[in-house]
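Participant: Sharing a structure here in structure tokens format.
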Amino acid sequence: MGILRFLGWITVPYIMILFRWRQLGKVSKILAIPWALVALLFAIGVLTSEGQDNNPNMATPASSTSVTSQTNINEGANNQTSEKQNQDETAAIKAFAAERGISNFDLAKEAYKAQKEREYIIANAREYDYADLLKSAEGTLKGKPIHFSGEITFIRETTNLGGNITGTALLVKTNSGDILGAYYRNRTLECQKGNIIDVFGKINGFTKMTNGFGGETEVPDIEIVEYDCK
């Protein structure tokens, strides 16, 4: 029993002190209290550490740090890529401006982007069924590149209040017999009524246009970016 009691005071003094308190002398109590507190705190620390090791959720701080570090690396790479793209675009705009004799960078940038859009539309334009245009010109087809050919049945220049030309509007009867509205922004279209026109443009929804007989016609609206008249 003496050995067991000794081991108890060594390993679990916080339990022994509860059962042996009345038998302890004054000096023993003074020594037993701090020893029991130290042992209790040590036991709590061990149990807490084991709980963290056995709980996978407790390991998330390291994982979270790893994810955060990877996110920062990705953001840094994206920023470098974006900066490189901006530098490449600036260089391309300057070369474009020098080739065309444009001294103003902002004007050169606007013209460069318009040229890139024109190239994209010409490369990706396709013909659409008229029924699809009537159904989706204001929806899924809006902004899509389009190509069509047909006879010009109506054409007129548009002007602002100062009398300056703002573009050319026209109606085109396509080869399939459908009517499309088209608009050439900020420029005069070098075509006449009755000409056959080949158009590359983008779908802008619908427009109401004067039909030449005092009324209006609502038709799919196409913004022209490239054309050829015969």
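Participant: Would you work out the Kirkwood radius for the range 108-230? I mean one over the mean of 1/r across all pairs of different Cα atoms, in Å.
Facilitator: The answer is 14.7 Å.
Participant: Here's another thing I want to ask about it. Note down the net charge around residue 157, summing +1 for each Lys or Arg and -1 for each Asp or Glu among other residues with Cβ under 14 Å from its Cβ.
Facilitator: +3
Participant: Along the charge dipole of the range 148-230, Cβ charges K/R +1 and D/E -1, which of 222, 154, 200 sits furthest on the positive end?
Facilitator: 154
Participant: R0 = 22 Å: FRET efficiency of residue 111 with residue 90, Cβ-based, nearest 0.05?
Facilitator: 0.95
Participant: First select every other residue whose beta carbon is under 15 angstrom from the beta carbon of residue 140; then total the charges, Lys and Arg +1, Asp and Glu -1.
Facilitator: That works out to +2.
Participant: Measure up 94/116; 135/173; 109/208; 94/202; 144/173; 135/202 against 25 Å on the Cα-Cα distance and list the ones that go over.
Facilitator: 109/208; 94/202
Participant: So if we plug the beta-carbon distance of residue 230 and residue 132 into 1/(1 + (r/R0)^6) with R0 = 30 Å, what FRET efficiency do we get, rounded to 0.05? Display every interim value, and only then the final one.
Facilitator: Values: r = 27 Å, r/R0 = 0.89.
Efficiency for this residue pair is about 0.65.
Here, each number is a calculation from the coordinates, and none is a lab measurement. Quantities reported herein were computed from a predicted structural model and do not represent experimental measurements. Here the Cβ is made from the backbone with ideal geometry for all residues, glycine too, and neighbour counts use every protein chain on show.
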